[in-house]
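Please treat every number below as a calculation from the coordinates, not as lab data. Fair warning: this is a prediction, and the values are worked out from it, not measured in the lab. Backbone-built Cβ (ideal geometry, glycine too); neighbour counts: all protein chains shown.
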Amino acid sequence: MAILDIVTYPDSFLKKPTDPVENIDGTIQQIIDNMAETMYHAPGVGLAAIQVGIGKSLLIYDVSPPEQDRSLSVLINPRIVQAEGTQLSENEGCLSVPDYRSDVKRASSILVEAFDRNEKPVRIEAQDFMAIVLQHEIDHLNGTLFIDHISALKRQMYERRIKKMLKKK
């Protein structure tokens, strides 16, 4: 297994919608394993393939507390088929948007349909934190970052800070 490089904002690749996974083959299984290694190393609770430079509709997540055994979940070609209510995702962050956190409005309850890594169809009813994680990662697959959900003013302030940091490098 390998730790992959995480693509970070303002890389335009992050804004591209992903392509569906056509075959869940050995290559996809290796990508999943490498993504898991990367997510746990980062550390994060979710990772979309696009965040590691792979334009496929694939994400992984693990919302179990760090002191418990790992419980990796894989969603291939996920889509939100139902969303209800609203909640405030406080202090949301992202491995692809380093050193920035913000409050984001999200649905409080969602229904997701996808396939697991064994090609079995899955339906997930998610609430609260799990719903936030899934919405965040599925957004990535659609070319949307969490900062696209914040006010234009906050986003511009972050963009200016990133441009300054990039100039210093």
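Using the Cα atoms of the range 109-158 to build a convex hull, what is its mean projected area in square nanometres? Please report the intermediate quantities before stating the final value.
Numbers: hull surface 17.6 nm².
Convex hull of Cα atoms, orientation-averaged projection: 4.4 nm².
Please compute the Cα-Cα pair-distance distribution of the range 47-160 with 10 Å bins starting at 0, giving whole percents from short to long.
13, 44, 35, 7, 0
Extension gain residue 129-residue 101, at 0.36 nm per residue separation less the Cα-Cα distance, in nm? Please list the in-between numbers first.
Working: separation 28, 0.36 × 28 = 10.08 nm, distance 1.56 nm.
Extra length from residue 129 to residue 101 when fully extended: 8.5 nm.
Between the range 1-26 and the range 133-169, what is the C-alpha centre distance in whole Å?
Centre-to-centre distance over Cα atoms comes out at 17 Å.
Hey, can you rank 29-41, 59-71 by average C-beta count inside 10 Å, highest first? All intermediate terms of the calculation are to be shown ahead of the outcome.
On the way: 29-41: 17.2, 59-71: 13.8.
Ranking the peptides 29-41, 59-71 by packing returns 29-41, 59-71.
Report Rg (one decimal) and Dmax (nearest whole number) for the range 1-114, counting Cα atoms only, units Å.
14.5, 39
Tell me which of 127, 98, 162 sits at the most positive position along the dipole axis of the chain, charges placed on C-beta atoms (Lys, Arg +1; Asp, Glu -1).
Selected residue: 162.
So for the pair residue 29, residue 82, with labels modelled 7 Å out along Cα→Cβ, what separation do we get in nm?
So the two model labels end up 3.4 nm from each other.
Run the count for the range 1-160, please: Lys pairs, Cα-Cα under 23 angstrom, 8 or more apart or on different chains.
Taking the Cα cut-off of 23 Å, the pair count is 8.
So for each of 154-162, 129-137, 107-115 I average, over its residues, the number of other beta carbons within 10 Å; can you give me the resulting order with the highest mean first? Write out the running numbers ahead of the final one.
Numbers: 154-162: 13.6, 129-137: 22.1, 107-115: 18.6.
Descending packing order for the listed peptides: 129-137, 107-115, 154-162.
Amide H to amide H, which residues 5 or more places from residue 109 or on other chains are under 5 Å from it, using H placed in the peptide plane?
Those qualifying (amide H under 5 Å, at least 5 residues apart or on another chain) are 84.
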